[in-house]
Amino acid sequence: MNNNNPLNEQATALYDVAIVGYGPTGAVLANLMAECGLSVLVLEREAGVVQLPRAIRFDAECMRVFQTIGLLPRLRDQVSAAPGMKFVNATDELLIEWQRPVTLGSHGWSDCYRVHQPDLEQALRERLQERAGVQVLSRHDVYAISEQVDHVVLSYENMRTGELLASRARYVIGCDGARSLVRRLMGSALEDLQLHERWLVVDLMLKRPMPELGDYSIQYCDPQRPSTYICGAGERRRWEVMVMPGDDPAQLNTPEWIWQRLARWIGPSDAEIERSAVYMFHSVVARQWRRGRLMIAGDAAHQTPPFMGQGMAAGIRDAANLAWKLRAVLAGEAGDELLDSYESERVPHVREFIEGAVRFGDIIQTTDSDAVASRDASLSRAIKRFRTPEPVLGPGAHDGAPLGLAGQVTPQFRLADGRLMDDATGYRYLLLCRPEIRAVAAALPGPALVCRVAEEPAVLAWLDGLGACAALIRPDRYLHGLARATEDLEPLLFRAFPSSPALRRSYCP
């Protein structure tokens, strides 16, 4: 066979899912797909993990995803809990305090963790190597995608040899970044949320301990030069400085210019520059996340300024939301329309974080003297205590309003046997029941659903607070819906599993 023909022997395999892009979003999605027992092809144009620091934070919800895919043994020595963030003005007056306790919270983890992204990516890839049914092709560049009736053909180049190849998959997910080819081939435009500013990002490695820098991240809302300090993992520290009118582009990224801007805090005798780069901070959301068998996730679907530290976290949430839905559709347990709920649920959720980052950006990047005076006066009168939001999902695969708290992320409890609840559940639905309806739990669990009788006081108190005898929790840990009384159980399961009558009957008394 002619090896220059894209329709070669590689195209005879039919994967359940092909993932274009092997950054954190793609790697998490591939791990979750493998957790579901699906066959996965990953195509990545780079040879390996890019060895430059990028994302340096993730939150407790992300840690639950890492817990689900069995990543914790590799992460324990890589990450550390991080406290919150302070916003101060030009005279170091506190404007906003964002507290993120390092103690274990409602998710079973601390609110926020420091991480070095290359280490995280390497851990994700090593975990994926342990799984069956996954093929990863690095240095393979996708250049065309063709949708067929029941599958998609991906054409790509082996960048090491120049050989043109093709593979088939039932669904394709573009996790291929801000310049996503998959998004462009879908014809999905970007909605602009109106924040575009250039900042210089500088990552440093300390040469000596500098406890005086502190653990808190600090946003310096100084109109002369808005800046950010972030305490990274280990000896890493980051500064971000806003590019101002009149800055010489030829000097921006030189060590001399950098050290001059950082002289207030640190100097070349204290640290060495690991990397520096000028970034344009964007705030955009793709107008279409799915077209037929093509979908996008991560930076391909949305981009946020870094002021809330939610860029990588948003992509991980995309993966957790999408993977179980793909499994259900591919297994015939749900109709293809379930995949439409991925966009309808995730867009309002991610928009809330991006719009919050834009509002913070407006506070931080204010340089007009009258606006600065008004800002400082309004914020200093009562220091704002900011809490990390936990937005409700948009309409989709949950009961939603007016049935209460459906669509909200649920807590993770420590069970009576010492395990965390997610470990006992896996990446499946959980029906959490009060003891008086123990008969519901008597049936053997099905492959997609775990039924557990609540015995722990904290779990019973949670159900009491919801006014529920049972709660149905989705694989991504968001609440599908509640049963207020025993007679509500069958309708609840019917709504969750409309294509699985046998499963519904197995769990209804």
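Observations on the structure shown:
- Of Gly187, Thr304, Leu405, farthest towards positive along the dipole that unit charges on Lys, Arg, Asp, Glu beta carbons give the chain: Leu405
- Pairs of alpha carbons in the range 303-409 separated by more than 20 Å make up 54% of all such pairs.
- Entry note, the range 100-164: relative contact order of 17 percent, from Cα contacts under 8 Å with a spacing of 6+ residues.
- Qualifying GluC sites (Glu not before Pro) for the range 39-77 [loop in DSSP, other Cβ within 10 Å: at most 16]: Glu46
- Signed unit charges on C-beta, dipole axis of the chain, positive-most listed residue Gly37, His480, Ala416: Ala416
- Using Cβ point charges alone (K and R +1, D and E -1), the dipole size of the range 304-437 about the Cα centre works out to roughly 540 debye.
- Remark: Asp59, Asp370, Asp422 ranked as Asp370, Asp422, Asp59, counting other beta-carbon atoms within 10 Å and listing the fewest first.
- Remark: Lys325, Lys384 ranked as Lys384, Lys325, counting other beta-carbon atoms within 10 Å and listing the fewest first.
- The range 197-281: projected area of the alpha-carbon convex hull, averaged over directions, in nm²: 5.5 nm²
- When the alpha-carbon atoms of the chain are used, the pair Rg, Dmax equals 24.1, 75 angstrom.
- Distance histogram in 5 Å bins (all Cα pairs of the range 159-241, percent per bin): 3, 9, 13, 13, 12, 10, 10, 13, 9, 6, 3, 0
- The range 58-154: trypsin sites (Lys or Arg not before Pro) falling in loop per DSSP and having at most 12 other Cβ within 10 Å: Arg76
- Applying both filters, DSSP loop and at most 16 other Cβ atoms within 10 Å, to the GluC sites (Glu not before Pro) of the range 97-137 gives Glu130.
- Dipole magnitude (debye, nearest 20) for the range 87-148, charges at Cβ of Lys, Arg, Asp, Glu: 320 debye
- Among Cys175, Cys433, Cys231, a tally of other beta-carbon atoms within 10 Å of each Cβ gives an order, fewest to most, of Cys231, Cys433, Cys175.
- Theoretical gain in end-to-end length, Asp340 to Asp368 [0.36 nm per residue, Cα-Cα removed]: 5.7 nm
- Under the convention that each Lys and Arg Cβ holds +1 and each Asp and Glu Cβ holds -1, the size of the dipole of the chain around its Cα centre is about 580 debye.
- For the chain, the relative contact order is 16 percent, taking Cα pairs closer than 8 Å that sit 6 or more residues apart in sequence and dividing their mean separation by the residue count.
- Karplus-derived HN-Hα couplings along the range 110-122 (A = 6.51, B = -1.76, C = 1.60, θ = phi - 60°), whole Hz, x at Gly and Pro: 5, 5, 8, 10, 7, 8, 9, 3, x, 5, 4, 4, 5
No value in this document is a laboratory result; all are computed from the given coordinates. Everything quoted here is computed from the prediction, not taken from an experiment. Cβ coordinates were reconstructed from backbone atoms using ideal geometry, including for glycine residues, and neighbour counts include every protein chain displayed.
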